[in-house]
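Quick notes on the structure that follows.
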Amino acid sequence: MRVLVVGGGGREHALCWGIARSATVYCAPGNPGTAEIGTNIPAKPTDHAAILDAVQEHGIDLTVIGPEAPLAAGLVDDLTEAGHRAFGPTAAAARIEASKAYAKEVMQAADVPTAGSRTFASESAALDYIAGHPEPLVVKASGLAAGKGAIVCQTRDEARTAAREMFGGKFGDAGKLVVVEEFLTGEELSVLALTDGEQVLLLPASQDHKRIGEGDTGPNTGGMGAYTPVSTATEALLQRVEREILLPVLAQMADAGTPYRGVLYAGLMVGEDGSPAALEFNCRFGDPETQVVLPAADVDVTDHMWRISAGERWEPGESVCPAQRAAVTTVLSAKGYPGTPVKGDEIHLPGEPPQHTLLFHAGTVADDTGTLRTAGGRILCATGLGRDVPEAAALSRRLAEQITFEGRYYRRDIAWREVARAGAP
Ligand code: AMP
Ligand code: GLY
């Protein structure tokens with residue numbers, strides 16, 4: 001089977017790695033890491049005609065879309081209409097991520113536990129609402145904002161500023177609708193579920209680290225690291241997530257005529273009483289969660305994606321897929337990230353990477369002479385595998401340490417919550 005992965009970051013390298021175990025992989029546009037395990041095709045994910053041409057030219061059997069933008073823009077619809085198999089939601093179903101206002105409507109209609117919220121199309125109405133609600137508050141641009149559109153505001157003043165900025169165009173059209181919601185406390189958890197729209201297969205639950213600084217401090221990023229398994233994500237909790245959140249959302253979407261097929265990513269808050277609530281949904285695999293979830297699970301992801309994309313009867317077996325090992329990934333980022341990153345610096349990789357590690361490329365390029373250089377904010381993801389999270393974390397850090405480039409930055413505390421729970425030093 002020939003599988004094309006659309007995208008070129010760390011998530012797509014990890015997808016290619018997982019798929020290459022049972023299929024021949026292509027990646028558009030890919031990166032120097034995906035070039036080592038498959039064939040890169042120079043087509044932009046947003047250029048649907050170029051992707052369709054590549055599918056024809058290379059005899060691709062299945063296209064898997066990594067990022068949210070082409071999903072929201074209807075790449076799956078275009079491929080399907082042209083008679084090709086694609087894994088991912090239609091544009092209508094991808095609204096679960098592309099419109100937080102829509103996601104809230106679905107959750108409310110399906111009676112799914114989530115933060116109380118209101119959606120506003122006018123600044124004055126949002127400001128009135130904020131004035132009458134207790135602090136802290138969370139203000140969100142409804143549309144796609146590269147993970148930067150949710151602002152946790154400790155005070156009503158901050159919330160007013162955030163709402164004014166959003167209506168003022170800070171996030172472009174993504175801020176035309178603004179969601180103001182109640183602040184939830186607890187511990188966050190990411191659950192990625194493969195789904196045919198009715199049944200689900202939950203991949204091992206993970207936790208990512210969104211803040212740039214150690215101890216989860218400083219500005220938000222696309223994600224500085226992730227780990228799995230999470231000991232608090234017990235079988236009982238995951239069954240509740242399935243029963244109280246995932247299945248009702250899928251049923252609601254199917255009833256509304258926009259069935260969801262693909263991978264549904266639930267961003268959850270687990271309260272002190274152990275109850276899960278949905279913060280958001282993404283219509284794709286997480287980045288960097290994929291860099292730990294696929295290596296931790298012995299799952300033939302190609303086979304599941306193939307069956308789901310066909311709309312045939314899919315039999316996932318168990319609804320929760322266990323982690324067979326622990327995995328931790330540390331993201332190495334460029335100087336300046338999450339602001340404007342410095343690009344073009346030479347990257348030195350270890351000749352002999354430590355055993356039980358995997359290196360996923362994200363923002364790298366090979367220049368004309370074949371030298372590897374930095375080309376983005378998040379450069380590489382160093383994944384360590386182990387019997388437990390502390391062991392995997394130590395290996396991930398050891399690999400990260402051995403990679404050098406000017407301005408290299410990484411957090412040395414990825415998975416700290418789990419390491420503390422395990423009582424390790
Ligand atoms: P979102 O894009 O909606 O997932 O929000 C990004 C981040 O903002 C989440 O990962 C949380 O850390 C935080 N967040 C979002 N909504 C809430 C909420 N209602 N209560 C507390 N934190 C939130
Ligand atoms: N790691 C967060 C995301 O993929 O959205």
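Summary of computed values
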item: Conditions (1) out of contact with any strand residue (DSSP E or B) (no Cβ under 6 Å at 6 or more places or on another chain); (2) over 22 Å from Pro390 (Cβ atoms); (3) away from ligand 1 (no atom under 16 Å from the Cβ); number of the one not met by Gly271; result: (3)
item: Flag if Leu194 is closer than 22 Å to Ala69 by Cβ, in contact (Cβ under 8 Å) with a residue 24 or more places away in the chain and either assigned to a strand (DSSP E or B) or acidic (Asp, Glu) (or both); result: yes
item: Filter result for Ser190 (closer than 30 Å to Asp53 by Cα and not β-branched (Val, Ile, Thr)); result: no
item: Residue check, Leu332 closer than 30 Å to Ser231 by Cα and out of contact with any Ser or Thr (no Cβ under 7 Å at 6 or more places or on another chain); result: yes
item: Condition check for Gly175: more than 20 Å from the chain's Cα centre (by Cα) and surrounded by fewer than 21 Cβ atoms within 10 Å (Cβ to Cβ); result: no
item: Residues (surrounded by 21 or more Cβ atoms within 10 Å (Cβ to Cβ) and not in a loop (DSSP other than H, G, I, E, B)) located in the range 15-42; result: Leu15, Cys16, Trp17, Gly18, Ile19, Val25, Tyr26, Cys27, Ala28, Gly33, Thr34
item: Residues satisfying the stated conditions in the range 197-229, i.e. in contact with a Pro (Cβ under 9 Å, 6 or more places away or on another chain), hydrophobic (A, V, I, L, M, F, W, C) and part of a loop (DSSP other than H, G, I, E, B); result: Ala205, Met224
item: Any hit, the range 129-152, residues being in contact (Cβ under 8 Å) with a residue 40 or more places away in the chain and away from ligand 1 (no atom under 16 Å from the Cβ); result: no
item: Qualifying residue in the range 117-129 (condition: within 19 Å of Leu264 (Cα to Cα) and more than 16 Å from ligand 2 (Cβ to nearest atom)); result: no
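Every number in this text was worked out from the coordinates using simple rules, so none of it is lab data. Since this is a predicted model, take the numbers as computed values, not measurements. Using ideal geometry, Cβ is built from the backbone for each residue, glycine included, and neighbour counts are taken over all protein chains shown.
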